[in-house]
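Undergrad: Please read through the structure below; I'll follow up with questions.
Derivation of every value follows stated rules applied to the coordinates shown; laboratory data play no part. Computed from a predicted structure; not experimentally measured. Positions of Cβ are generated from backbone atoms using ideal geometry, with glycine treated the same way; all protein chains shown enter the neighbour counts.
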Amino acid sequence: MRYYAIRHKPTGRFMPETCKGYSYWDPLHLNGAYPPRLFVKRRSAANALTCWLSGNWSRITGTESEGWEYPSYTVVLGTQPEPVLGRNRDDMEVVEMSLGQP
């Protein structure tokens, strides 16, 4: 079966499958023994790469209330990236992988 992964050309490291958040991946630092993040479609990997190149994504939150007599609560208003210097599309590539039995 064919899969696609995102590779940093200068280091040869793949975007890892982690729990933290993919936009925070730094290919210049060792990321432990995580397997590469795999995508079923090339387009999905390309979209993920575009989001990663945009920067570190985080939620924008606000506070709302139903009125002064009710407690307030936090709502998610959206998400936005914070640009990261040094991220360059020319340093990245989407590569095809094949997984199978040896």
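Undergrad: I need a count of the residues in the stretch 65-102 that are of a type in the set (A, V, I, L, M) and either over 16 Å from M15 (Cα atoms) or in contact with an Asp or Glu (Cβ under 9 Å, 6 or more places away or on another chain) (or both).
TA: 6
Undergrad: Restricting the search to the stretch 34-60, which residues are in a helix (DSSP H, G or I), among the small types (G, A, S) and surrounded by fewer than 16 Cβ atoms within 10 Å (Cβ to Cβ)?
TA: Kept after step one, since they are in a helix (DSSP H, G or I), are these residues of the stretch 34-60: 42-54.
Subset that is among the small types (G, A, S): 44-46, 48, 54.
The answer is S44, A46, S54.
Undergrad: Shifting gears a bit: I'm trying to understand the selection: among the residues of the stretch 65-87, which are surrounded by 10 or more Cβ atoms within 10 Å (Cβ to Cβ), in a loop (DSSP other than H, G, I, E, B) and without any contact (Cβ under 8 Å) to a residue 24 or more places away in the chain?
TA: S65, S72
Undergrad: Now, a different point. Restricting attention to the stretch 1-33, which residues are of a type outside the set (G, A, S), under 30 Å from V76 (Cα atoms) and surrounded by 14 or more Cβ atoms within 10 Å (Cβ to Cβ)? Let's see the steps before the verdict.
TA: Let us first name the residues in the stretch 1-33 that are of a type outside the set (G, A, S), namely 1-4, 6-11, 13-20, 22, 24-31.
Applying the additional criterion that residues be under 30 Å from V76 (Cα atoms) yields 6, 15-20, 22, 24-27, 31.
Selection gives I6, M15, P16, T18, Y22, W25, P27, N31.
Undergrad: List the residue pairs whose Cβ atoms are under 7 Å apart, where the first residue sits in the stretch 41-56 and is farther than 17 Å from Y24 by Cβ and in contact (Cβ under 8 Å) with a residue 12 or more places away in the chain, the second is outside any helix (DSSP H, G or I) and of a type outside the set (S, T, Y), and the two are 6 or more positions apart or on different chains.
TA: Matching pairs, first to second residue: R42/V94; A45/A5; A45/I6; A45/F39; A45/V94; A46/V94.
Undergrad: Of the residues in the stretch 42-69, how many are of a type in the set (F, W, Y) and closer than 22 Å to Y4 by Cβ?
TA: Total satisfying the criteria: 2.
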